Amino acid sequence: MSPLLLLGCTAAFLTMFGFVPQVIKMYRTRSVSDVSHMTLFQFTAGVSLWAIYGYGIHDPIVLLANLVSLATLLAALALYYHYRTQMREASHGLHC
């Protein structure tokens, strides 16, 4: 494997799983109070565009890395809205 390909694969691996710790934390704590939804949206948009770019240039590393990242970010967004809704429902219940 060439050094440049190794570099690309390493970068792809690190990027693919960059949001996994955040997803695990949200799931374990059942809290999203310290998570920025704008960051999640921005990264989701960015990796979506990178995936389209990777497809367009026929680069499987760029495409796969960003599709995996996109899946992780979609899971993070789903957890964000799930727990955010629970937080709102709980706070409305306390004020009634």
Zone of Gln42's modelled label, taken as backbone nitrogen in segment 53-96 under 13 Å from a point 7 Å along Cα→Cβ
none
Along the Cα→Cβ direction, 7 angstrom out, place labels at Lys25 and Arg84. What is the inter-label distance in nm?
1.7 nm
State which helices in the chain qualify, where a helix is a whole DSSP H run, it must extend 15 Å or more along its own axis by its Cα atoms, and its mean Kyte-Doolittle hydropathy must be at least -0.5.
3-16, 37-56, 60-95
Below 8 Å, C-alpha to C-alpha, sequence gap of six or more: please give me the relative contact order for the chain in percent.
38 percent
Viscosity 1.002 mPa s, temperature 20 °C: Stokes-Einstein D of segment 22-66 from its Kirkwood Cα radius, in µm² per second?
180 µm²/s
Using just the helices of the chain, give the 222 nm mean residue ellipticity in deg cm²/dmol: DSSP H runs with n ≥ 4 each add -39,500 (n - 2.57), and the total is spread over all residues, rounded to 500.
-28500 deg cm²/dmol
Kirkwood calc, the chain, C-alpha pairs only, radius in angstrom 14.7 Å
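Values in this text are rule-based calculations from the coordinates and carry no lab data. Model, not experiment: these values are computed from the prediction. As a convention, Cβ positions derive from the backbone with ideal geometry for all residues, glycine included, and neighbour counts pool all protein chains shown.
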